[in-house]
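Please read the structure below before turning to the comments.
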Amino acid sequence: MNLANKITVARICLIPAFMLFLLVDWPHGETEWFQQPITYSMLVATAIFVVASATDWLDGYYARKLDLVTSFGKFLDPLADKLLVTAALIGLVEAQLVPAWIAIVIISREFAVTGIRLVAAAEGDVIAASKLGKWKTLTQIIAIIASLLHNIPFSALSFPFASIMLWIAALLTIWSGIEYFVKNKHVILKSM
């Protein structure tokens, strides 16, 4: 288990703490940012999500810089992203901050792609994330952070930044999913 893979595992381990602060109603009160109330537990959940998301960049950086790229890492890194994003979206739907249909579209794509990765792995192939997939992940992370923060500071300007980012994330999710299936149709055909 090299450094990059340990960082990826740490990202997965942060998910329960993130969900705890996102979903449990802690009696620690709230504060106000830009005339918008937000609970301290939501701020802690956001901070944990930001740290967990930053580890995605960090593990990739160390994997490339120290030549620590492994098949395990190529498989685990996108899986860790999917687990974090899925947990966040389900929690945000529960908190009524994200529409359920957007969460379903994004999560469905993630399950489908993971399925193809598992089929490829069974055949001895490892499919790394594409550039479009990385952009998809970035827009999902930005949309989730904006939603966790109740669209602060944009809510003070009545600008629906979080909603716009959710739409962009959903569209990139669909687009990257189509690209992924087209590029890897040989994996599906070979497994039939």
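Sorting the segments 21-31, 35-45 by their residues' average number of neighbouring beta-carbon atoms within 10 angstrom, most packed first, yields 35-45, 21-31.
For the peptides 169-179, 140-150, the ranking by packing is 140-150, 169-179, with the highest mean count of neighbouring Cβ atoms within 10 Å listed first. Among 126, 113, 98, the largest mean-square fluctuation in a Gaussian network model of the chain, built with springs joining Cα atoms closer than 10 Å, belongs to 126. Candidate values [x] 1.08; [y] 0.96; [z] 1.22 were compared with Cα Rg over 2.2 N^0.38 Å computed on the shown model; the agreeing label is [x].
Heavy atoms only, probe 1.4 Å: what % of the accessible area of the stretch 115-192 goes to carbon and sulfur, would you let me know? Here carbon and sulfur together make up 73 percent of the probe-accessible area. Rolling a 1.4 Å probe over the protein chains gives residue 6 an accessible area of about 120 Å².
If R0 is taken as 45 Å, the Cβ-Cβ distance between residue 186 and residue 24 corresponds to a FRET efficiency of 0.50. Here the accessible area is traced with a 1.4 Å probe on the protein chains. For the stretch 1-69, carbon and sulfur cover 66 percent of it. In the full protein context, the stretch 64-185 carries 51 Å² of accessible surface per residue, based on a 1.4 Å probe and ignoring ligands, DNA and RNA.
Helix 71-94 and the longest principal axis of the C-alpha atoms of the chain enclose an angle of approximately 30°.
Which links in 6/185; 6/190; 65/190; 131/190 stretch past 29 Å when you go from one Cα to the other? The pairs that break the limit, which is 29 Å between Cα atoms, are 6/185; 6/190; 65/190. Full extension of the chain segment joining residue 100 with residue 126 gains 6.2 nm, where the gain is 0.36 nm per residue of separation less the Cα-Cα distance.
The values are calculated or read from the model by the stated rules, or taken from the named source; none is laboratory data. Computed from a predicted structure; not experimentally measured. We place every Cβ from the backbone using ideal geometry, glycine too, and count neighbours over all the protein chains shown. Accessible surface is based on the protein model in full, side chains and every heavy atom, while ligands, DNA and RNA are left aside. Shrake-Rupley method; radii C 1.70, N 1.55, O 1.52, S 1.80 Å.
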